[in-house]
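Structure, as structure tokens:
Read the figures in this text as sums done on the coordinates, not as results from a lab. Predicted, not measured: the structure shown is a model, and the values here were computed from it. Cβ: placed from backbone, ideal geometry, glycine included. Neighbour counts: every protein chain shown.
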Amino acid sequence: MTVLLDVQDLTVQFALPRQGLFGPRPVLEAVRQVSFTLEQGRALGIVGESGSGKTTAAMATIRLVEAASGKVIFQGEDLLQLDAEAMRQRRRDVQLIFQDPYSSLNPRARVADIVREPMDLMEIGTPEERRARVTELFRLVGLRPDQLSLFPHQFSGGQRQRISIARALTTNPKLLVCDEPVSALDVAIQAQILNLLARLKTELGLSYLFISHDLGVVRHVCDDVAVMYLGKIVEMAPREALFDAPQHPYTQALLSAAPSLARRKSRGYVRPVKISGDPPSPINPPKGCAFAERCPKAQEVCRRVQPVLEPRGPTQVACHFPG
Amino acid sequence: MSALLEIQNLRVTFNTRHGPVTALDSVSLQVNAGETLGVVGESGCGKSITALSVMGLIPSPPGRIAGGAIRLAGEDLTRVSEARMRALRGAEMAMIFQEPMTSLNPVFTVGDQIAEAIMLHQKVGHAQAFRDAVALLDRVGIPSPERRARDYPHQLSGGMRQRVMIAMAVSCRPKVLIADEPTTALDVTVQAQIFDLLNEIQRDFGAAIILITHDMGAISEMADRVAVMYAGRVIEQASADDVLDHPQHPYTRGLISCIPALGKGDTELREIPGVVPPLHMLGAGCAFAERCAHRFDRCDTEKPSLVDHGHHPAACHAVEEGRI
């Protein structure tokens with residue numbers, strides 16, 4: 001297996017408004033020393049709740065948000081070191097699907113033009129070739145070529161997400177960043193899009209960086225999963241290991257919080273792991289483990305010493321008391 | 001025994017630019033005290049309209065209750081005066097909405113807002129109502145409730161705002177609590193907390209809960225009985241165990257098998273093709289026929305009615321004729 005993407009110690013900071021007229025500008029560290037690798041043809045899921053930094057980490061990886069430090073080695077080249085023009089050329093290989101298919105398509109453009117636009121910008125092929133490619137992509141994502149001249153509002157949410165996927169595929173990318181691609185869709189439609197993404201991954205050998213808060217969705221699409229909490233990866237493992245033997249108490253809590261058909265009111269289920277409260281503020285992160293305040297296993301050492309990611313079987317976990 | 005809340009053949013129409021459409025078509029539901037009824041379906045299937053009809057909150061015009069009855073402890077809510085409705089709303093039945101931020105008033109403290117709801121229905125002064133509000137905030141699990149009661153909604157997290165909404169909704173111990181997608185805007189760990197809280201409150205107060213959701217997982221954890229809705233009709237209704245273990249209608253089967261389960265990966269999800277048809281395009285036949293794998297000629301000409309075909313009530317010709 002060849003490594004497509006190797007992210008090392010990625011850190012993203014945002015400066016907050018000055019406190020008072022001459023006061024200091026506090027810095028919020030949204031992503032803190034995140035490292036992961038993604039192999040060709042595989043999908044890495046990044047899970048976490050809102051504010052965990054999962055979207056910011058992915059956006060910094062493809063330089064839609066500037067990183068403060070770290071390395072993003074994509075096909076042997078550090079993306080963070082590229083100048084603007086070199087990065088623009090690299091964008092052929094790295095494309096993106098957004099969460100909301102209603103706001104991510106230009107309402108005044110015909111969908112054929114929307115899907116063709118990346119090829120126009122990158123100057124790929126002749127006008128005829130571009131047109132043919134658009135038709136081919138439309139078929140590939142399950143739309144009909146006679147719908148090419150319609151406008152986005154004439155499509156349902158699921159169809160719009162298919163259009164977004166077609167647009168992302170025009171430049172033959174190697175890496176597709178999917179930012180909550182099915183969260184805005186109805187459950188019945190989610191299945192259509194998830195099956196499409198799974199098929200495209202096999203047929204085109206695509207790699208996904210797949211951001212989601214829904215563990216069921218991630219389990220369906222991803223080969224490996226990273227769990228983020230307050231800007232850090234707290235557990236990373238192959239899919240089976242993560243779901244069958246979660247090591248971090250936060251991962252265990254996420255799994256027991258996700259609604260499941262296996263837990264039935266009539267059978268009097270009791271949630272195995274309960275956690276209370278909300279995540280702490282990223283402006284003043286706790287000195288020790290960020291999860292300690294909500295953790296059922298927390299000891300004195302957890303509030304003092306920040307745990308680091310350490311291997312434990314097939315899993316990497318950042319916890320003083322894993323398992 | 002008659003049910004606490006009983007909806008019978010409810011029909012709600014809306015005037016739209018496509019002409020009058022039927023948003024709810026002969027919907028019948030019952031909930032007993034201390035029981036949770038889950039109402040499930042995709043967006044646009046009539047779940048929220050059903051809830052708003054019970055609360056007397058259908059915008060009229062364009063909406064109109066065109067037929068049927070909604071009986072709360074025997075009293076038909078479709079026939080009572082607006083003044084009577086106002087007295088019932090909040091006291092006898094209350095609703096929790098999807099987005100707690102837009103349902104709370106941003107310029108009053110949450111303690112004052114809960115106190116206002118209490119003073120509307122009980123003869124108590126502000127000081128007593130505020131003390132009750134603090135006790136309620138404590139009951140719904142908000143830490144340091146005396147201090148939090150003096151906070152404005154924007155100072156609270158999403159999960160805490162939804163707890164405030166629940167505190168307000170249960171402030172007068174309503175008999176019926178309607179929760180319309182109460183956790184859609186929340187993170188999954190917070191969603192679990194809210195579900196556990198609703199179950200506790202039901203045990204304490206014995207309220208009947210109507211939980212509106214699109215998530216079969218939530219139904220499994222929360223509901224005693226389930227009604228599945230599609231295009232303004234109830235297409236299947238039974239106990240949660242019957243619906244989840246022996247779904248009859250092809251739509252219900254689809255809804256259950258299209259969820260990416262935590263328990264398995266990699267297998268292809270069964271999808272329901274197509275989308276819910278717009279209400280003004282409904283024909284003479286079954287509204288689900290377009291998307292159904294078991295469709296036959298009868299489905300295009302005749303609307304199936306909700307009848308027990310052996311296991312439990314389902315509105316499907318294919319089930320009736322034993323084709324599935």
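Key figures for this structure:
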| item | result |
| --- | --- |
| Neighbour-limited loop hits for GluC sites (Glu not before Pro), the range B:233-312 (at most 12 other Cβ within 10 Å; DSSP other than H, G, I, E, B) | B:E268, B:E302 |
| Kirkwood-type radius of the range A:227-323, with distances r between different C-alpha atoms, in Å | 14.3 Å |
| Spatially proximal lysines relative to A:K174 (Cα-Cα < 24 Å; intrachain offsets below 8 disregarded) | A:K54, A:K71, A:K201 |
| Whether the range A:182-270 is rounded, prolate or oblate, judged on the alpha carbon gyration tensor where a/c under 1.5 counts as rounded | oblate |
| Average silhouette area of the range A:104-242, convex hull of alpha-carbon atoms, in square nanometres | 9.4 nm² |
| Nonlocal amide H pairs with A:L143, under 5 Å, H built at 1.01 Å | none |
| Length added when fully stretched, B:Q155-B:D297, from 0.36 nm per residue minus Cα-Cα | 45.3 nm |
| Residue of B:A185, B:A218, B:A208 that the Gaussian network model of chain B assigns the largest fluctuation, springs spanning Cα pairs under 10 Å | B:A185 |
| Chain A: most fluctuating residue of A:G70, A:G53, A:G277 per GNM, C-alpha cutoff 10 Å | A:G277 |
| Per-bin percent of Cα-Cα distances, chain A [10 Å] | 5, 24, 31, 24, 12, 4, 0 |
| Sparsely packed trypsin sites (Lys or Arg not before Pro) within the range A:285-323, loop by DSSP, other Cβ within 10 Å at most 13 | A:K287 |
| Built amide H within the under 5 Å cut-off of A:V31, gap 5+ | A:V12 |
| Straight-distance crosslink candidates among lysines, where the alpha carbon sits under 22 Å from B:K47 and sequence neighbours closer than 8 are dropped | A:K265, B:K175, B:K303 |
| Karplus-derived 3J(HN,Hα), 6.51/-1.76/1.60, for each residue of the range B:104-120, Hz, glycine and proline x | 9, 7, x, 9, 10, 5, 5, x, 5, 5, 5, 4, 4, 4, 5, 5, 4 |
| Shape call, the range B:192-269: gyration tensor on alpha carbons, a/c limit 1.5 | oblate |
| For the range A:272-285, Karplus couplings with θ = phi - 60° (6.51, -1.76, 1.60), whole Hz, Gly/Pro x | x, 10, 10, 10, 10, x, 10, x, x, 6, x, 6, 10, x |
| Added length on full extension, which subtracts the Cα-Cα distance from 0.36 nm per residue, B:E99 to B:S81 | 3.6 nm |
| Distant-in-sequence amide H partners of B:Y230 (H built 1.01 Å from N, under 5 Å) | B:I235 |
| Cleavage-rule hits, trypsin sites (Lys or Arg not before Pro), the range A:15-100, DSSP coil, Cβ neighbours within 10 Å at most 12 | A:R18 |
| The protein assembly as shown - Kirkwood radius from inverse mean 1/r over Cα pairs (Å) | 26.8 Å |
| Per residue, the convex hull volume that the Cα atoms of the range B:167-211 enclose (Å³) | 66 Å³ |
| Under Karplus coefficients 6.51, -1.76 and 1.60, residue-wise ³J(HN,Hα) of the range B:276-286 in Hz, glycine/proline x | 4, x, x, 4, 7, 9, 5, x, 7, x, 6 |
| For chain B, the longest site-free run once trypsin sites (Lys or Arg not before Pro) in DSSP loop states with at most 14 other Cβ atoms within 10 Å are removed | B:151-263 |
| Candidates A:V72, A:V27, A:V115: whichever shows maximal mean-square fluctuation once chain A is modelled as a Gaussian network with Cα springs under 10 Å | A:V27 |
| Between helix B:158-169 and chain B: long-axis angle, C-alpha atoms, 0 to 90°, nearest 10 | 80 degrees |
| Alpha carbon convex hull of the range B:224-324, projected area averaged over orientations, nm² | 6.9 nm² |
